[in-house]
Amino acid sequence: MTLGLPFITEPDPLVSGEGVLDPLGLSSIGDRLADQILPGLRARMWRVRFVTAIAVAASVCDGLEDEIAADGVTPASIAFEWLLTEAFARGGAPDLVRRTPGIDKARTARQAGLHMSAKTYLKVPSVFGIHGVYKPLARHLGVVDDELRLSENGHALLDVWEREQGVSGFIARAAGGQNGGSLRTALRSAVVDALSKGYADRSNGWQGWSFFLEHLLPSRIGSKEAELLERLLRDLKGETRRELFDLVNAVADDADTSELSTVEQISPRASAELTLRLARIQAYERFCGQVELGFGYLRWLSTQNRDQAISPNAFASIPTVQRTAADLPASKRAVERALETAPAAIAAEFDRLGEYFQGCATAQHLYQCLMRRHADVQKQKPPDGKREWFEHAADEQIMVRIPYRLTTCPEPSAEWPRPYRLNTLRQFSVDLRRAIRG
């Protein structure tokens with residue numbers, strides 16, 4: 001047996017081991033509000049063509065949905081991802097495969113001469129892989145069902161794709177020895193072998209590598225394929241998604257444009273219903289901004305006094321904190337008014353959040369509200385709770401722990417920390433417009 005040296009893989013997308021994300025538990029309501037304006041989309045999505053890739057995978061893996069690889073964990077859809085990302089790592093120029101989930105892992109495995117497998121790919125591909133990221137949209141658009149089987153729109157998408165790509169006969173119902181049918185057979189055989197072995201194993205000359213590069217690069221959507229994807233995105237079942245697609249299309253597509261700026265640009269042109277939904281987000285983010293500014297001052301003030309704990313009085317002596325605490329009740333009431341016509345679940349969740357800041361109008365009280373909220377959020381994080389960001393001393397004094405020190409004085413943010421998927425929609429629009437215009 002030959003022993004190989006260990007190597008360090010590229011990190012997965014951030015997964016909190018100590019609860020480093022969302023220390024005040026504000027993201028859940030943000031996600032619910034984002035669902036109200038852009039259902040089906042997620043902030044991690046970037047290249048809409050991966051919806052087509054999922055449709056191709058569903059065709060290749062038809063009948064294999066319940067199969068699990070020899071490693072005991074990998075389904076056929078993820079085995080397909082191994083092959084796709086390895087192909088991109090082998091021959092895809094960085095600009096052409098940018099924002100491909102798992103591409104860094106594939107490149108690292110390739111450089112190390114290792115097979116793509118559960119050990120060399122993403123730790124949680126069902127969340128961070130191509131299917132993990134894009135399945136919600138593929139399902140919402142009617143491309144695949146919950147079991148990743150092709151749905152009606154998936155057949156329509158593949159029909160357009162195979163004709164435009166010159167691989168007629170690829171989808172199973174049309175396979176009959178044509179070029180597309182033989183390619184699909186080759187890909188399916190590779191997936192079956194990967195399941196059997198627990199890793200992807202194809203030679204340098206395998207035709208599948210060139211197939212992926214020629215027909216599924218995220219940056220090279222066919223014009224007819226793009227037209228169909230756009231129609232699906234603009235379907236009326238997406239409610240305000242259609243209107244937002246058109247509005248975002250009409251404003252600057254600068255990648256650096258903040259979502260706050262985008263909302264400010266499109267709000268004057270929005271319908272009454274969309275205006276209402278955007279106003280809920282704006283009100284919620286104003287409230288969150290004040291809460292997070294106060295939390296930032298807790299971290300910063302404690303960082304400035306590394307050798308001693310800080311007290312509520314020290315926190316309350318800061319003029320910005322005093323103004324923030326004084327403004328917070330009005331911001332809270334504004335959110336409550338904005339959510340009066342929102343789905344009951346969203347209003348109820350904000351009520352639970354708002355209870356922590358009920359009657360909070362002084363800086364000393366804000367100190368206590370923030371610490372209580374943070375402690376409860378950390379306790380509730382799975383699987384068994386996480387440590388707080390602060391150590392506690394006598395008389396309600398605290399000292400920020402080293403990983404969470406803040407060396408710069410906090411300021412009101414010009415951007416929203418919670419993503420509302422508008423940048424995702426903008427990038428979708430950019431890719432589709434480029435494709436349609438040729």
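Couple of notes before you dig in:
- Averaging 1/r across all pairs of distinct Cα atoms in segment 272-404 and inverting the result yields a Kirkwood radius of 15.9 Å.
- Peptides 30-43, 384-397, ordered by how many other C-beta atoms sit within 10 Å of their residues on average, highest first, read 30-43, 384-397.
- Of the Cα atoms belonging to segment 194-239, the radius of gyration and Dmax stand at 16.8, 47 Å.
- The GLN304 and LYS379 beta-carbon pair, evaluated with R₀ = 25 Å, returns a calculated FRET efficiency of approximately 0.35.
- Size of charge dipole - the chain - debye, nearest 20, with Cβ of Lys, Arg +1 and Asp, Glu -1, no other charges: 500 debye
- Between VAL430 and ASP327, the simple label model (points 7 Å from Cα in the Cβ direction) yields a spacing of 3.1 nm.
- Inverting the pair-averaged 1/r between distinct Cα atoms of the chain gives 24.2 Å as its Kirkwood hydrodynamic radius.
- Secondary-structure-derived ellipticity at 222 nm for the chain, considering helices only, amounts to -17500 deg cm²/dmol, per-run term -39500 (n - 2.57) for DSSP H runs with n ≥ 4.
- Extension gain, ARG372-GLU355: 0.36 nm per intervening residue step, less the Cα-Cα distance, totals 5.0 nm.
- Protection proxy ranking of 277-287, 305-315 - average other beta-carbon atoms within 10 Å, highest first: 277-287, 305-315
- Å³ per residue enclosed by the Cα convex hull of segment 359-438: 209 Å³
- Label-point separation, SER210 to ARG387 (7 Å along Cα→Cβ), nm: 5.6 nm
- R0 of 41 Å, Cβ-Cβ distance SER223-ALA344: FRET efficiency to nearest 0.05: 0.40
- Annotation: peptides 362-374, 65-77, ranked by per-residue average of other Cβ atoms within 10 Å with the highest first, follow the order 362-374, 65-77.
- Take the Cα of LYS123, step 7 Å toward its Cβ, do the same at ARG99, and the gap between the two points is 2.5 nm.
- Reach of LYS197 by Cα under 17 Å, taken over lysines that are not fewer than 8 positions away in the same chain: LYS119
- Dimensionless Rg/Rh of segment 40-238 - Kirkwood Rh, Rg from C-alpha atoms: 0.93
- Spatial separation of Cα centroids for segment 74-133 and segment 311-333, in angstrom: 47 Å
- Label-zone membership for segment 387-410, site GLU18, 7 angstrom Cα→C-beta point, backbone N under 19 Å: 387-393, 398-408
- Mean separation of Cα contacts under 8 Å, 6 or more apart, over the residue count of the chain: relative contact order %: 23 percent
- In summary, the aspartates and glutamates within cross-link reach of LYS135, defined as a Cα separation below 15 angstrom excluding same-chain residues under 8 places away, comprise GLU65, GLU81, ASP145, ASP146, GLU147.
- Equivalent ellipsoid semi-axes, segment 222-316, via Cα gyration tensor eigenvalues times 5, rooted, Å: 42, 16, 11
- SER203-GLU65 FRET efficiency (beta carbon distance; Förster radius 45 Å; 0.05 resolution): 0.95
Rule-based calculations on the coordinates, nothing more; no lab input. Bear in mind that the values here come from a model prediction, so they are computed numbers and not experimental data. Cβ atoms come from the backbone with ideal geometry, glycine included; neighbour counts cover every protein chain shown.
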